[in-house]
Each structure stands twice: as structure tokens, then as C-alpha cells.
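Participant: Have a look at the structure that comes next, please.
The values are calculated or read from the model by the stated rules, or taken from the named source; none is laboratory data. Small disclaimer: the values here were computed from a predicted structure and weren't measured. A quick note on method: Cβ atoms are made from the backbone with ideal geometry, for glycine too, and the neighbour counts reach across all protein chains shown.
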Amino acid sequence: MTDSVRSATVSFQLNGAPVTLSIDPTTPLLWALRNTLGSTGTKFGCGAALCGACTVHVDGVALRACVTPVSAIDGKRLTTIEGLSGSIAEAVQSAWIALDVPQCGYCQSGQIMSAVALLAVTRVPTDAEIDQAMQGNICRCGTYPRIRAGIHQAAETLRASPTASPAASPAASPAASPSARPARGA
């Protein structure tokens, strides 16, 4: 008996560029990104949406790519760590550098993606809001205090900048996928 591989056409925007794939529609988005498209900034950590290393933005919502079938992003805007830009992303990245947030760095693409999604909808987050938004992003090195401090510093930078605008950063919109991680607790 021969196994036949299903194939479908999936089209989406990846970091602002149009992409069309002929791929098994059940392929996890993570593997389409890493193996098919060579976008390796999105990391594999657990394969069960528990660690956050694979966090990407789909139409502005933080989503776990390891459990999201590639077919779920057909017609959508996808942003990975490689394509993250705008004032919020710059503030977060600057804070991460200034505070030396990462230790090993493996989880940091997911941490940054979740932090940017939070600040896109909550410009002055409380510790509780940060904890809620970052829940599910595991740092094996335990740099949680530096991550929280980095988010607070990025928020302060955004408040101090009259030109900071969320326009280039993700907009929060609820997603139907169970793997969607809204920037704030739903």
C-alpha cells in the first residue's frame, strides 16, 4: 500500500512578502517556516504550545507555530522574529540589550514576540498584565525578572517618545485557533 501525501496551496504574507506554498495542509506552521522557507528564528521547544519558543504573530496575534497547521494562515499576515519592526519592536529590542535580558537566548525570539504583542495593546502594563501575557513563555535560564524589567523599560521608552506609534507593530485581534495567545488574558 502506498501512502499518498496530501498537498494544498497555501498563500500568506511572510514579513511583508507574499508566499505561496504547495504543502500538506496539516504541516505545523513551525516546520513550514523552518524547513520549507528557511526562516529559522522561530524555534522548536516542545511541540505542544507549552513553552512559547515558536511564537509568531498572525494578523497581529501572538500564536504558537508548533501546533498551528499551515492551512490556518492561508490569506493572513504572518510576522516572525526576522520581520519584526516598528517602534514597539525597537523599544523591546533596545531594552533587551540594555538590560542584558537573555542568558542562553534560545527562548528569546518567542519572549520578544510575546512582549511586542503585549505592548501593542497595553502601553503601560502592570506586573500582573506582563505575567499574564508572558505566561507560557518558558525561560529555562530563569531570566523572568529581567524579561519583566525589559518590558517595563520598553513601555517607558514608548511613553517618552512622541513619535512612537503601534502602526508598524501587530494589532490585537482575537483568533479562532486554540493555539492563539492573545496579548492580554482573554
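Participant: Consider segment 68-103. How many of its residues are more than 17 Å from Ala117 (Cβ to Cβ) and in a loop (DSSP other than H, G, I, E, B)? Walk me through it before giving the result.
Facilitator: Let us first name the residues in segment 68-103 that are more than 17 Å from Ala117 (Cβ to Cβ), namely 69-72, 74-75, 94, 97-100, 102-103.
From the residues that got through so far, the ones that are in a loop (DSSP other than H, G, I, E, B) too are 74-75, 99-100, 102-103.
So the count comes out to 6.
Participant: Is at least one residue of segment 60-71 in contact with a strand residue (DSSP E or B) (Cβ under 6 Å, 6 or more places away or on another chain), closer than 16 Å to Gln111 by Cβ, of a type outside the set (A, V, I, L, M, F, W, C) and not assigned by TED's automatic domain parsing to the domain that holds Val121?
Facilitator: No, segment 60-71 contains no residue that is in contact with a strand residue (DSSP E or B) (Cβ under 6 Å, 6 or more places away or on another chain), closer than 16 Å to Gln111 by Cβ, of a type outside the set (A, V, I, L, M, F, W, C) and not assigned by TED's automatic domain parsing to the domain that holds Val121.
Participant: Return the pair list, or none, for Cβ contacts closer than 8 Å from residues in segment 130-150 that are crowded, with 16+ Cβ neighbours inside 10 Å and basic (Lys, Arg) to residues that are at pLDDT 95 or above and assigned to a loop (DSSP other than H, G, I, E, B), at least 6 apart or on different chains.
Facilitator: So the pair list comes out as Arg146/Leu99; Arg146/Asp100; Arg146/Val101.
Participant: Residues Thr20, Thr36, Thr55, Thr26: which one is in contact with a Lys or Arg (Cβ under 7 Å, 6 or more places away or on another chain) and modelled with pLDDT of 95 or more?
Facilitator: Thr55
Participant: If you don't mind, there's one more thing I want to ask. Looking only at residues that are in contact (Cβ under 8 Å) with a residue 60 or more places away in the chain and surrounded by fewer than 19 Cβ atoms within 10 Å (Cβ to Cβ) in segment 100-129, which one is nearest to Asp59 (Cα to Cα)?
Facilitator: Among them, the one singled out is Thr122.
Participant: Looking only at segment 15-24, how many residues end up being closer than 20 Å to Val61 by Cβ and either outside any strand (DSSP E or B) or not assigned by TED's automatic domain parsing to the domain that holds Cys51 (or both)?
Facilitator: 2
Participant: Residue by residue through segment 45-66, note down the ones that are among the aliphatic types (A, V, I, L, M), assigned to a loop (DSSP other than H, G, I, E, B) and under 20 Å from Thr20 (Cα atoms).
Facilitator: Ala65
Participant: Looking at this structure, is Ser109 part of a strand (DSSP E or B) and modelled with pLDDT of 95 or more?
Facilitator: Spelling it out, it is not the case that Ser109 is part of a strand (DSSP E or B) and modelled with pLDDT of 95 or more.
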